[in-house]
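Notes to accompany the following structure.
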Amino acid sequence: MATFSIEKFKIETVFLTIKNLKRSIDFYTQVLGLSLIEQTTKIAKLGTEDGVILVQLEENTNALQANERSAGLYHFAILVPERKDLAAFLKHILQKEYPLIGASDHDFSEAIYLQDPDDIGIEVYADRHKENWKYQTDGQIHAPTKSLDVQNLFRDYTATWAGFPNRTVIGHLHFHVSDIAKARAFYVDILGLNPTIAMGDQVLFVAGEGYHHHIGLNTWNGVGIPSQEKGTIGLKKASLKMNKTDYQRLVQQGLVSHANEMVDPFHIHYQIVIS
C-alpha cells in the first residue's frame, strides 16, 4: 500500500487513432467545436481557441475496430469552464441533430455523452463547485447517475456556442479494464492517486489534487478481458503532467521508459510531461 499521494496530476492531450482524417476533422471542428490548430497529411491537432491542444488525431486507414469485449478507452472527457458553456454546447448539439448516447447529473458534475464517427466515446461536462459535492460516511464522493435536468441547465444559457473556450481541459479518462484489484494496485498503490469512488469489483475512480476523478476504471465489459490489439481505433496514448519529484519516483520504480512513456497493466499508454 502506498504511503504517498501524487503531488501534481493533469491530463493534457489525448492521442486518438482514427480511420479517416477528413471525416474526423469535420466532426471535431464542425460538430464538437474544437479548433483546428495544426494539420499534416495524417495528423491533426485540435484544441481551444487560444491554441491549447486537447486532441491529436492520427489517421490509420487499416486500423482495427475496437473489440467490445476488451479493455481500453470507454470515453475521454472534455471539461468546460462554466455551466453556461455546457448549456451552449448542448443547445448546439441538439440544433445539429447529432445523436447523443446520454445526458446525466452525477451531483459533482453534469455531463453529455456522444460518440465520434469511429465510435470513440466522448463526454463533455461541467463541474459543480467543490463545496457542493456530497460525501458518503466512508469518505467516498457521492456519485449517483441521474437524468440531466435539461430545462434547468438551459436557465444558464447566455450565448450561442462558439467552440470550446479558453480554460477548457481534458478533465478525465474512463477505461474498461480486466480487474479492479489490479487497477487499484497500479493507480493507487504505485502511481499514488487517491481512490474517490469505489463500487466493489466493478468500478474504481481515482484522482490527484483533490479532484473527483482523473481516471475512471470499470469491469463492465467483463472480468479477465484481453487488452486492445495494437493498431486499434481509439486511444493511442494520453499525455500526463506531473512534477519532477513524482516523475523521478516512477523512474526509480522502473515504470517510465527512456521515451518518458508509462504503460499500465491493461496496455494503456501515457506520455509523461514534467512541469
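Structural remarks
- None of D156, D179 is under 29 Å from L86 (Cβ atoms) and open to solvent by 30 Å² or more (accessible area, probe 1.4 Å) except D156.
- Meets criteria (in contact with a His (Cβ under 6 Å, 6 or more places away or on another chain), closer than 20 Å to V203 by Cβ and touching a residue at least 24 places away in the same chain (Cβ under 8 Å)) for A111: no
- The set of residues in segment 228-241 being buried (at least 18 other Cβ atoms within 10 Å of the Cβ) and either small (G, A, S) or touching a helix residue (DSSP H, G or I) at 6+ places or on another chain (Cβ under 8 Å) (or both) consists of G234, A238, S239.
- Exclusive hit being under 16 Å from the mean Cα position of the chain (by Cα), modelled with pLDDT of 95 or more and open to solvent by 40 Å² or more (accessible area, probe 1.4 Å), set D127, D116: D127
- Sub-6 Å Cβ pairs linking a first residue in segment 7-18 that is over 14 Å from Q271 (Cβ atoms) to a second residue that is hydrophobic (A, V, I, L, M, F, W, C) and assigned to a loop (DSSP other than H, G, I, E, B), at least 6 apart or interchain, are T17/A63; T17/I233, ordered by first then second residue.
Let's see how each residue does on (1) modelled with pLDDT of 95 or more; (2) closer than 17 Å to I215 by Cβ; (3) within 17 Å of the chain's Cα centre (by Cα):
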site: A238; (1), (2), (3): yes, yes, yes
site: K241; (1), (2), (3): yes, yes, yes
site: S257; (1), (2), (3): no, no, no
site: E261; (1), (2), (3): yes, yes, no
site: D264; (1), (2), (3): yes, yes, yes
site: I268; (1), (2), (3): yes, yes, yes
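- Test result for Q136, over 30 Å from A63 (Cα atoms), out of contact with any Leu (no Cβ under 8 Å at 6 or more places or on another chain) and modelled with pLDDT under 95: yes
- Residue within segment 243-260 that is among the charged types (D, E, K, R), assigned to a strand (DSSP E or B) and either in contact with a Lys or Arg (Cβ under 7 Å, 6 or more places away or on another chain) or surrounded by 14 or more Cβ atoms within 10 Å (Cβ to Cβ) (or both) present: no
- The single residue among D85, D26, D107 that is at pLDDT 95 or above and on the phi > 0 side of the Ramachandran plot turns out to be D107.
- Among (1) touching an Asp or Glu at 6+ places or on another chain (Cβ under 7 Å); (2) on the phi > 0 side of the Ramachandran plot, the one test that L148 misses: (2)
- All conditions but one from (1) in contact with a helix residue (DSSP H, G or I) (Cβ under 8 Å, 6 or more places away or on another chain); (2) open to solvent by less than 60 Å² (accessible area, probe 1.4 Å); (3) in a loop (DSSP other than H, G, I, E, B) apply to H213; the one that does not is (1).
The values are calculated or read from the model by the stated rules, or taken from the named source; none is laboratory data. Note that this is a predicted model, so its numbers are computed, not measured. Every residue, glycine as well, gets a Cβ built from its backbone with ideal geometry; the counts of neighbours run over all protein chains shown. Please note that ligands, DNA and RNA were not included when accessible areas were found on the heavy atoms of the full protein model with its side chains. Shrake-Rupley method; radii C 1.70, N 1.55, O 1.52, S 1.80 Å.
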